[in-house]
Structures are given as C-alpha cells and as structure tokens.
Amino acid sequence: DSVVNRIAAGEVIQRPVSAVKELVENSLDAHSTSISVVVKDGGLKLIQVSDDGHGIRYDDLPILCERHTTSKLSTFEDLQTIKSMGFRGEALASMTYVGHVTVTTITKGQLHGYRVSYRDGVMEHEPKACAAVKGTQIMVENLFYNMIARRKTLQNSADDYSKIVDLLSRFAIHHIHVGFSCRKHGAGRADVHTVAASSRLDAIRSVYGVSVARSLIKIETSDHNPSSSVFKMDGFISNSNYVAKKIIMVLYINDRLVECTALKRAVEIVYAATLPKASKPFIYMSIVLPPEHVDVNVHPTKREVSLLNQEVIIEKIQSVVESKLRNSNE
Ligand code: ADP
Ligand code: MG
C-alpha cells in the first residue's frame, strides 16, 4: 500500500519545482501578503516556504496531510474549478510520501503556534507548542529520499533551482500585491525579491528588468457573446526592441498559472509574421472565463489546458497582438 501511495505521490510531485508550486499556491490561497522560499540542493535537501497568511487551525493539523483533505471545497463553482484545475487535497499528502514534511503555523489571535512533522500521510507526533509570529511555514526535507531513480535523474540541482526561480518570477508578476522572495539556503541575497508593487509594469520591471519593461505594450481584448465565447484578456507583450533567444510566455487563466501550447504557438506565429527580424517575445497574459470553459487535457500536474471555443479565443488574441505590433512598429 505504501508503495502504491509513493508512486501516486511521485506523479503529483514530479520535481522539486512541483512541490514549490503547490506550497506557494497554498500560501496565496491563505491570503498571504508576503511569501518567501528557501531552497537547498535544488530542493532535494530542503524546500521551505514561509507565509503570513491565515494559518492552519490546531484541530485541522491531525488530518492536514491525509489525502483529500482540503478546506477549499465549498460551493458548486469550486467543484467546477476543481474539475478544471485538477486534483484537490493531494499536494501536501503527496509530499509526505516522498519527503519529510514539517509544518509550523499560527492562527490569528493565538499566543503561540504549533509545529508538527508528517510522514506517509500521518503525524509523527502530537503538535508541539512553539513560538510563531504569523502564518505558516512548511518545510519539505529530503525530497524523493525513497525514490532512488528519481533522485538520480534530478542530480543537476542548478537546473532545478533555476526552474524554481522562474516559477517565483511568474508568480510575482501576476500577484502584484504580494511580496515574494526566493533564495538558496545560506545565500545573502535573494534571486527573486519583490515588494508589493503599485502596478503590473512595476512588478515586471523589478523581476525581469528595465529592458523588458521598457519594451512592453499593453494589450486587452474580450468577447461577451455567449454563442461564440465569453472571455476577457489583458496583458503585456514585447515590441521589436526586446532581444531574447527564448520565448517567455506567462499565462494565467482564472488566476491560475497554466500552459496552453496552442495559444503560445499562435502568438509566436503572429510575431514571426509581423516582426520577422525581431527576437523571441516576452508575453504576459491573464485570461478570465467561466471556470467550466477550462479543461485539463493532459495530466492535472502538467497544467496544460484547453479552452472551450479555443479557436475563437486564439483568433481574437492573435488579431489584437498583430494590430498592437503593427502600430508599435510604425
Ligand atoms: P488543497 O490546496 O487542494 O486544498 P493541499 O494538500 O495543497 O490541498 O492543502 C491541504 C489543506 O491544507 C488546504 O486546503 C489548506 O486548508 C491547508 N493549507 C496548506 N497550506 C496552507 C498555508 N500555507 N496556509 C494555510 N492553510 C494551508
Ligand atoms: Mg494546494
């Protein structure tokens, strides 16, 4: 049974960056305004995510890491979001099957917090009272300690750390009212460091740099026709002044960081046709549509989505990107 659980957990948590993503999303869900991540050995030795969110109640600690434990299942709309975004109540549980998880948390109005460690879905001991200021800190140590083959394929810790930095960068430019930091354990300076920004452009500037921010054009489009599609999109795209070898596409759908290969390709095609000499673009897009219009077509953890009326949406976005690029080039 524990082997089956471990294999299932290894599917949910495929690399250190998958654990970081789940932990940071939990911190965001807990209404944190500041989230900091510390990583050792590309995440294999240690991933530590600390937030100043609402914390976890004492009574919830015993079952916190059991599979299907979630505090986020309440309305019908949530059910549809769950269907579209994949699993619920699996992330923390999964981490305890492939790593050692320690939670320190305090809820509002309490004089002290609690610390407890988990293994294979269960508490290792009763929660211990401890000092805590605000929010939750989750430590995942020795990730994949019981999956030798996985550990071997993840030996390149620099590679995994850069994936984590990339992820935090993507979070930071969408959740602009949250301050993020990401650093290697023991490092003096952080590789991602943002304070709550006043505008999206400020956030992008502080994460991706002045030259990116300077090259950005604002884009916006929407469709309110239920017979074709219903959606709203806004974002920023780089103009011909931006120089890079690789496309960066940061895509949010209903506030969740996702991938949509079809949309990414479609935008690349517009760039190639409109600015043939330009480099690969930087794109940030946030799309809002009815949750039941989003579908996960590959695997819940891959975050690849497809959309109802995808062709219509893609065409609309292509045409706004094209006209903005043409105007900027004149
Ligand atoms: P899900 O996010 O799908 O509910 P998880 O396994 O990621 O499942 O988390 C389980 C539960 O643990 C959450 O529903 C939430 O109640 C609680 N939780 C996890 N992390 C935090 C956090 N940083 N702050 C507050 N509550 C948290
Ligand atoms: Mg979660």
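The values are calculated or read from the model by the stated rules, or taken from the named source; none is laboratory data. All values reported here derive from a predicted model rather than from experimental measurement. Glycine also receives a Cβ, built like all others from the backbone with ideal geometry; neighbour counts cover every protein chain displayed.
Odds and ends about this structure:
- For the range 10-19, a tally of residues being within 12 Å of ligand 2 (Cβ to nearest atom) and either modelled with pLDDT of 95 or more or assigned to a helix (DSSP H, G or I) (or both) returns 3.
- Scanning the range 209-249 for residues that are small (Gly, Ala, Ser) and either in contact with a strand residue (DSSP E or B) (Cβ under 8 Å, 6 or more places away or on another chain) or at pLDDT 90 or above (or both) yields GLY209, SER211, ALA213, SER215, SER222, SER229, GLY235, SER238, SER240, ALA244.
Conditions (1) surrounded by fewer than 20 Cβ atoms within 10 Å (Cβ to Cβ); (2) within 11 Å of ligand 2 (Cβ to nearest atom), marked per residue:
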| position | (1), (2) |
| --- | --- |
| LEU23 | no, yes |
| SER27 | no, yes |
| HIS31 | yes, no |
| ILE35 | no, no |
| VAL39 | no, no |
| GLY42 | no, no |
| ILE47 | no, no |
| ILE56 | no, no |
| PRO62 | yes, no |
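- For the range 250-272, a residue qualifies if it is over 14 Å from the mean Cα position of the chain (by Cα) and either hydrophobic (A, V, I, L, M, F, W, C) or crowded, with 21+ Cβ neighbours inside 10 Å (or both), and the qualifying residues are CYS260, ALA262, LEU263, ALA266, VAL267, ILE269, VAL270, TYR271, ALA272.
- Each residue in the range 30-71 was checked for being in a loop (DSSP other than H, G, I, E, B), modelled with pLDDT of 95 or more and over 15 Å from the mean Cα position of the chain (by Cα), and 9 of them qualify.
- Of the listed requirements (1) assigned by TED's automatic domain parsing to the domain that holds ASP52; (2) farther than 27 Å from ASN26 by Cβ; (3) surrounded by 18 or more Cβ atoms within 10 Å (Cβ to Cβ); (4) among the charged types (D, E, K, R), ARG205 misses just one: (1).
- Out of VAL39, VAL20, one residue alone is more than 13 Å from ligand 1 (Cβ to nearest atom) and β-branched (Val, Ile, Thr). It is VAL39.
- Segments classed as strands (runs of 3 or more DSSP E), wholly inside the range 260-330, with at least 1 members that are among the hydroxyl-bearing types (Ser, Thr, Tyr) and assigned by TED's automatic domain parsing to the domain that holds ASN225: 282-288, 305-307
- In this structure, ASP60 does not satisfy being among the acidic types (Asp, Glu) and closer than 21 Å to ALA197 by Cα.
- Some residue of the range 183-190 being surrounded by 18 or more Cβ atoms within 10 Å (Cβ to Cβ) and in contact with a Leu (Cβ under 9 Å, 6 or more places away or on another chain): no
- The range 287-304, subset buried (at least 17 other Cβ atoms within 10 Å of the Cβ) and either basic (Lys, Arg) or at pLDDT 90 or above (or both), residue farthest from SER18 (Cα to Cα): LEU289
- Residue within the range 115-135 that is at pLDDT 95 or above, within 20 Å of the chain's Cα centre (by Cα), closer than 24 Å to LEU257 by Cβ and within 16 Å of ligand 2 (Cβ to nearest atom) present: yes
- Per the conditions (1) under 27 Å from VAL165 (Cα atoms); (2) of a type in the set (D, E, K, R); (3) within 9 Å of ligand 1 (Cβ to nearest atom), the sole criterion not satisfied by ARG15 is (3).
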